[in-house]
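*Asks:* Quick one: this structure, given as structure tokens, is what I'll be asking you about.
The values are calculated or read from the model by the stated rules, or taken from the named source; none is laboratory data. Bear in mind the structure is a predicted one, so any value in this text is a computation, not a measurement. Every residue, glycine among them, receives a Cβ derived from its backbone with ideal geometry; neighbour counts consider all protein chains shown.
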Amino acid sequence: MQAKEIITSDNETKYVMKKFYAIFTALTLFSTVAKAQQTIRGWITDEQRLPIEYANVIALSVRDSSLVTGAVTDNAGKFLLTLPANSNQVFLRVSGIGYEQRNVFLPLIADTLQLKAESETKTMEGVTVTAQRPKMAIRNDALVTTIIGSSLAKAGSGNDVLKRIPLLSGKEGSYSVIGRGAAVIYINNRKITDATEIERLNSSDIKDIEVVTNPGARYDATVSAVIRIHTVRKVGDGFGFDVRTSAYYWENWDTNNQLNMYYRRNGLELTAGSAYNIDNSLNKQTTTNEVQTANLWTNKWTSDSHSCNTNNNYTLSAAYEFNANHSVGARFFTNLLVGANNGHGDFSTDVFKNHVLFDHIESRISANSTAIPNKSLSAYYVGKVGKIDIDFNTDYYYGRETEYRITTEQSANYANRTVTSAGIHTNKFFATKLVLSHPLFGGSLSVGNENTFTNHEQNYVNQENVVPSTASTIKERNNAFFFEYSRPMPIGQLMAGLRYEHVNSDYYDEGEYSPAHSRTYSQWFPSLTFATRIKEVGLQLSYSAKTSRPSYRQLGTNVEYMNRFTRQSGNPTLKPATLHNISLVSNWDIFTFVANYTQTHNKIMYWNEQESTDENITTLRYRNFKNLPVLTLSLTAAPRIGVWSPQLILFCQKQWFDIERLGSKLDLSEPIWGILWNNTFDFKDNWIAETRLKVTSKGITENSELTRNNCAFNFSVRKAFLNDRLSVTVGVNDLFNRSANQLLLYTNNLSIDTKQEFDSREFYVTLRYKFNTARSKYKGTGAGESERKRF
């Protein structure tokens, strides 16, 4: 056995050991005989009496250990086995990725059999051996990090935990998985649509976090990664609340404020929440833009811009559990933009024609946006009828935003110009999702249907007619069917799925249907995952087919005015990209290795075209590329040394790609390397100090080259009071102010060399108080979330 954690005390050293059989502190089996079949029902919990999900329970013949049947525990730790009448001599084998397996012998003739496995503790020469599951392990389709009982349980909020999970990067409820892109987040099987909910989640309430690098068929075909958060089950009625306020300062002030209230009574839960945030940002940029036409045009400009975004949202929800098998709920969310989000930028531009100064332009862009309150309403039913599990969700969303922009240009050699524009975006969608699950052949079969109806309108008006005014509408219907089958086997866990999506996208230009821009897609998306364990090494191999659909802004025909030489527009002829992904995950002791290979067809990238009426004017838009293969590798080490919990992640991303540029091939295959080093120091008296260092090398991604190394260092200290009900965190982000971006974009005849400096360095203070908080009973998983993100 191997030591998992070392704790130094006065005269003794305690080694906390891995031992799976101690996890099963309560295992109760019920056996009944009905007609020609026998049924075994039971549940599995850990030492805290928390259910163990996805444990494998297999019935084997006592005579030759051949497989009779098997099952997988659900999210309540329950399982059901149905045996033939001639299966009197069987035993159960209980196992799970990250645990040692255990055999349980039982007589099936008994009406009721109760078995309890006690936690084993052995003392040997001052060394105490106690059972504990590993902090990180492979479990079925996910890489699991255990939070409860670790230093991460004291991190603060859900965001504070997610920022320290291997393979994840991001902040404030928006996270991506290295090599896979943006992730969809679930809490207790409910899809998160309000990013502030992650911040409202207490780290001490999190049981574990699963990172899925290859999601199966039950997830939308556009979902490339999933984060599943499981919380500790809590009981208790009454009123509770938590309040949090944060202030950030360096070159400007930012603030983040939240209030959440709860009321629980028997099976009823009522919640109300509000968040008010102000985000000020500064951006200094230097850009050199070269376009080779009949002449060589070079634009060199510097800019200094400022924006202020104000957000105010409210959430109301109600959930009711009739009993363990039936629950319903509804949630209403509205997002208010208080006043107007606004920004402005000052630009100083030198224009050269064939290296000779052509013009000098001083310009200012002022923009502000207003929106009517966005509204979303969701409802769910989760139940069980007989052996069938039912999960139904429905969602409605409506939002409208108007952006006004004024561009003033003062030219040294030509006429001055003022360009005013208004862009109006209106989005509506309605979605439903139904999933039915049933035990089958020793495993579990899930079938489902998801329907999404979307209406997206774009209107762009330019009063001076410098660029054309446009009006377009996209009406889209997506009908999806899927199935997933999961079955434990003596050599591991097998999961297979297939999803079919049929999409009708109707395009209207100025109210007239446009067959040339309308599309119909029918695609199959298979998925396959196999997880096993060879001695101390956990292994997972998976494949999935996915799609990446263009956003509605990318599909739009609006032509936005940037300056007198540059425009920006969407492309209604864009096709969805298809991704084929193979992943290998391996976990041993403190080490985790992940390899992802993705082949993307019809990859969507930034490109440019010259205006047919004036080749000196460049329009930036998107286009499809035939093929883009990318390999991503990462290695994580996460030991525990006394009060110090370091985590070191090494990663590399390489693509094989080239483009036609100025009549020749340009190779874009230079890899990107990176290091992420997190350190947590868990001191006495509820003091926690943390550091985070991220370094990213030069390299190329898609058709953009990172031309400088990037580095960011964060530091924070947290102190908890009143049994962790009150906490104070003081920290600094990007202490050395080294996270500036510098990249070079290549197209066929255009290069854009940009250096951006942000106000990323900021000191902050966070105060948080929580009273009688508990896990939400709301179980809705949401429907049509991928469509909402395309808005």
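*Asks:* Looking at segment 496-513 only, could you name the residues that are touching a Phe, Trp or Tyr at 6+ places or on another chain (Cβ under 9 Å), surrounded by 15 or more Cβ atoms within 10 Å (Cβ to Cβ) and under 17 Å from residue 573 (Cα atoms)? I'd like the intermediate steps shown before the answer.
*Replies:* Residues of segment 496-513 touching a Phe, Trp or Tyr at 6+ places or on another chain (Cβ under 9 Å): 496-507, 513.
Then drop every residue that is not surrounded by 15 or more Cβ atoms within 10 Å (Cβ to Cβ), which leaves 496-501, 503, 505-507.
Matches in segment 496-513: 503, 505, 506, 507.
*Asks:* Could you pull out the residue among 435, 466, 447 that is among the hydrophobic types (A, V, I, L, M, F, W, C) and surrounded by 17 or more Cβ atoms within 10 Å (Cβ to Cβ)?
*Replies:* Of 435, 466, 447, the one residue that is among the hydrophobic types (A, V, I, L, M, F, W, C) and surrounded by 17 or more Cβ atoms within 10 Å (Cβ to Cβ) is 435.
Residues checked against (1) among the charged types (D, E, K, R); (2) free of Cβ contacts under 8 Å to residues at least 24 places away in the same chain; (3) within 19 Å of residue 618 (Cα to Cα):
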{"position": "298", "(1), (2), (3)": "no, no, yes"}
{"position": "321", "(1), (2), (3)": "yes, no, no"}
{"position": "331", "(1), (2), (3)": "yes, no, no"}
{"position": "335", "(1), (2), (3)": "no, no, no"}
{"position": "368", "(1), (2), (3)": "no, no, no"}
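*Asks:* Residues 528, 555, 631: which one is within 17 Å of residue 140 (Cα to Cα) and among the aliphatic types (A, V, I, L, M)?
*Replies:* 528
*Asks:* Right, here's the next one. Exactly one condition in (1) at pLDDT below 80; (2) charged (D, E, K, R); (3) buried (at least 23 other Cβ atoms within 10 Å of the Cβ) is false for residue 135; which is it?
*Replies:* The number of the failed condition is (3).
*Asks:* Moving on to the next point. Take the residues in segment 554-603 that are aliphatic (A, V, I, L, M) and surrounded by fewer than 22 Cβ atoms within 10 Å (Cβ to Cβ), then tell me which one is farthest from residue 703 (Cα to Cα).
*Replies:* 590
*Asks:* So, residue 662, is that one closer than 25 Å to residue 288 by Cβ, assigned by TED's automatic domain parsing to the domain that holds residue 628, of a type in the set (A, V, I, L, M, F, W, C) and surrounded by fewer than 16 Cβ atoms within 10 Å (Cβ to Cβ) or not?
*Replies:* Yes; evaluated as a whole, the condition is true for this residue.
*Asks:* Of all residues being at pLDDT 90 or above and among the aliphatic types (A, V, I, L, M) in segment 472-520, which is nearest to residue 455 (Cα to Cα)? Just the residue, please.
*Replies:* Result: 474.
*Asks:* Now for a different question. Within segment 574-593, track down each residue that is in a strand (DSSP E or B) and either within 28 Å of residue 551 (Cβ to Cβ) or among the polar types (S, T, N, Q) (or both).
*Replies:* Across segment 574-593, the qualifying residues are 577, 578, 579, 580, 581, 582, 583, 586, 587, 592.
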